[in-house]
1. Provide the per residue accessible area, probe 1.4 Å, for the stretch 647-693, rounded to a whole number of square angstrom.
2. Run the quick spin-label model on Gln863 and Arg196: label points 7 Å from Cα toward the beta carbon, then report their separation in nm to one decimal.
3. Could you work out how far apart the two model spin labels at Ser510 and Phe386 are, taking each label as a point 7 Å from the Cα in the direction of the beta carbon, and quote it in nm?
4. Along Cα→Cβ, 7 Å out, is where each label goes; now give me the distance between the ones at Ala57 and Trp267 in nm to one decimal.
5. May I ask you to give the solvent-accessible area per residue for the stretch 477-629, in square angstrom, as obtained with a 1.4 angstrom probe?
6. Between Arg150 and Phe426, what FRET efficiency comes out of the Förster formula 1/(1 + (r/R0)^6) with R0 = 51 Å and r the beta carbon distance, rounded to 0.05?
7. Quick check: at a probe of 1.4 Å, how many percent of the accessible area of the stretch 435-492 sits on carbon and sulfur atoms?
8. Grab the Cα-Cα distance for Ile285 and Phe214, subtract it from 0.36 nm times how many residues apart they are, and report the gain in nm with one decimal.
Amino acid sequence: MKNREHRFPYFAICLLIFLLGPASIARAQNSSVYSYENQLDVNNASFEDVSRLPVSAEVAERIFERIEYQGPFTSIFQLREIPGITQEVLLELKPLIRIEPYTSKSERESRIEQLYFKLDRWTGNEGANQALVDSWIEKALEPVNINDIRYDELLNLQGVSPVDAAAIIAYREQVGNITSLRDLRSAPNLSYFGYRNTRDFVDFGEAETGKREFHGNLLFRSSNTPFFTEEAEANADAAEGQLENSGIYDATNNRHPEYYTRFIGSWGKDIKIGVSSWHALEEPILQYDLGFAKVPRSKFYLGLEGKQVGPLQVRKVYLGNYSLAFGQGVVMENTDFFQPRKSGFGFRKRFLGLAGDNSRTRQYKLTGAAAEFALGDAHLFLFGSFDERDAILNRTPILFNGEEVHPVNQLIVLDQRFLFAPEDSFRVEDNLPWRNSVKELLFGFHASYDVLPATQIGYTYYESVYDRPLRPDVGEIVDPVELRQISQPDNEIFASYGGTYSDAENPLWSDAKSFRRVMGINAQSVIRNLALQAEYAELDRGQGLALFDASGDKNPWAVVGSAYFQYNSLNFLALYRNYQLGFDNPYQRSFSNYRRYKRTLYEDYFYLQDPRYGQLYTNNPQPQMEEGFYVSSRYQVNRQFVLSGEYDNWRRKADDVTQFRLRGTVQYRPIWPIAINLRQKYQGRETLNEQTIEYFENLEFRGDIRFRLSRFSELTLLYLNAVVKFRPRPRLFYPIDPGEELQDANLAGNAAINSEALGAFYTHNFNEWLKVRGYLGYYRGFFWSFEDTQFAVMSSERGAMRYWVSVYSRLSNSLSFRMKFTRDVDAPLTNFQTRNTDNEEIGPGTNSFSNGSLYGTDFIQDQQSSFYLELNYSF
């Protein structure tokens, strides 16, 4: 039967653009940020609000500093006392400004008022490093004196590069003390972007002594947003009945949405506390039984900071759950989440050092104690942890010291932490759970020395000890029937760490049966506007130090090195990485394009004994073993044009397949309220090799026009067009007649996948307390989008309409609320594969036959609705 393809009405979206576009342009061109109806209360305004007046940045800064240091204005004519405000400028400002009495607020209330829009963005950002977000919130609400802040603390601030941090430290040493924003702006080699970001987290006055207050931030977030594409298909394969029969499914306890609750608090500037709990969508609720009550399993930390014991600085001591990251993330960074191209710059930063852990990390969370010390220019981190890890155990036991033990095959990050893999009935029968199936004792240190204020060398070491042997075996994970048909699974799987060389006992723990040891050196330096960084590490397999030996006879190693330089309008980053195939470090989070086990059997979940074993790839936070060179740059030509681009060329170590990724972006502002963004990506694999099926090319164009309206509202029109080309896939064909011979079938298959999207975003600020955002659009194929505070990825073969609307409200100066509703409606399926009924027509006497139907079918239309809820309270 023919496929009657349903097409959504493009004209509806085009009509929306036609009606809103010209009106929005006219409105944007003929309105100012402030007007007679929307005047600025200048005495109670933040610096960001003042900077939006129609004056230069220098004059705006003088107005704000006049109020900050000399008190509020009592008459609008006092503006004439500000250098740069002429009589003509005053006449222009008069209808835009009103003079109100200064409203006395606590320092914290004032900070919340000034930074509410940034707090809104940070707390709602699901993709950011949680340690970074918590640090930004804490320092934004309790700023650090610019003359006391350290280089490493500056590095962890949003948008502050190593060059910016070094420029501030060098300028402070030169002038003695930085006394104002204007003084800070004078620092040589400090970019304007770095200056704008630094000022949100620092102040210039002396800290109050003897006054200890308790402050905190409480966040609650809940959502039922479904899993994405293949991961969703794999999870859906585990039917409800199978879960019930396996004894791991509680029908009364599985329909809960995802929720995340986090509290960070501080008592004074030295005592820190944090509690968090995360429950994934529809997973069992795991609880602690206290006897008198049951509470959800949570993470907790207690920290002490900024103490001095003689010449020794006790910078941080943390008990409970904590996070660590050093250098380029080659040796240690304990997060469950993978971020592609994590260079450590811009939006790809990591929190360096020690912090309390309130993140959603569960598999690689560190539970124990950690401390940071400093003595002069020397620094030392000590850390120890003992916790349980999720892992797939081998069904075949081994003898270890006369004891029969089921070894660990692979550690795994789980979306839904069921006790057993739902469809692996053999492991259920053998009582081999994957949740908390192995214990890990981890200990280590990081030592560094400051050769110069912004030049440092360091050494990192950690050792993990497990209570089970490590025996990776692909045959214990892949379906045996499928494995017999595959000649070569993949070298990246075969290179997994484990075997008799990992067997060991440990004097610190009598249950120890295996170990993993990683060590590395790192260095960084800033020379004027050039930042150099590198880290080299080895995984100890008892083969001797490699020191870049590529023969494979020594310990496997990994290295990352980068060079970054910046000017006010230009920055450039060059990065090289090389990871040997055997460098299997579960705490490695350094730069790569793809995660570990990409393009292996573990990516194809339908080959595995349980489709959820596909999470070995989909949730793997480790980088793919690759060697490559990456460059990126941003250049602001003038106020109207901004150019940016990145290019990456790398080789996968498992099979020597070459790949590249090229992206360029142009931003053009013909007039201030209008911004046009054009983005083109070109990515490929083995594009010059005509003899391999590894070939693919991906071209993606994404363009949007953004109209800035009054009261900071905006309208954005989006268009996306993409195509993925690959070798024809004969395995995708099917015969119309089930008995058709293979030689008579069409072997051409599919050679490309197209994607297209068209939509509009709209943000309306009723006032500074209430905001509504929304989106309406159509997509077909693969589509990704930033939706308010969520990053969404979706795919539809037939095309789908998608819309969402969110409401954000500041119920008070300390309490905010956000609610979002999303709906996705696929085009209906109106065709039917007759081979599913062996081409047998429906005979007389059936309802379908009486309606004229010859074959049985249903009207199928996939629809999804989801919600997102967020509450945020600061005090």
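1. 53
2. For the pair Gln863/Arg196, the computed spacing is 4.4 nm.
3. If labels sit at Ser510 and Phe386, their model points lie 1.2 nm apart.
4. With each label point 7 Å from Cα toward Cβ, the separation is 4.3 nm.
5. Values: 5860 Å² over 153 residues.
So the stretch 477-629 comes to 38 Å² accessible per residue, rounded to a whole number.
6. Numbers: r = 55 Å, r/R0 = 1.07.
Efficiency computed from Cβ-Cβ geometry: 0.40.
7. Details: 1290 of 2430 Å².
Result for the stretch 435-492: 53 percent of the exposed heavy-atom area is carbon or sulfur.
8. Numbers: separation 71, 0.36 × 71 = 25.56 nm, distance 3.14 nm.
Using 0.36 nm per residue and subtracting the Cα-Cα distance, I get 22.4 nm.
The values are calculated or read from the model by the stated rules, or taken from the named source; none is laboratory data. Being a predicted model, the structure only gives us computed values, none of them experimental. Glycine also receives a Cβ, built like all others from the backbone with ideal geometry; neighbour counts cover every protein chain displayed. For accessibility, only protein heavy atoms count, side chains too; no ligands or nucleic acids. Shrake-Rupley method; radii C 1.70, N 1.55, O 1.52, S 1.80 Å.
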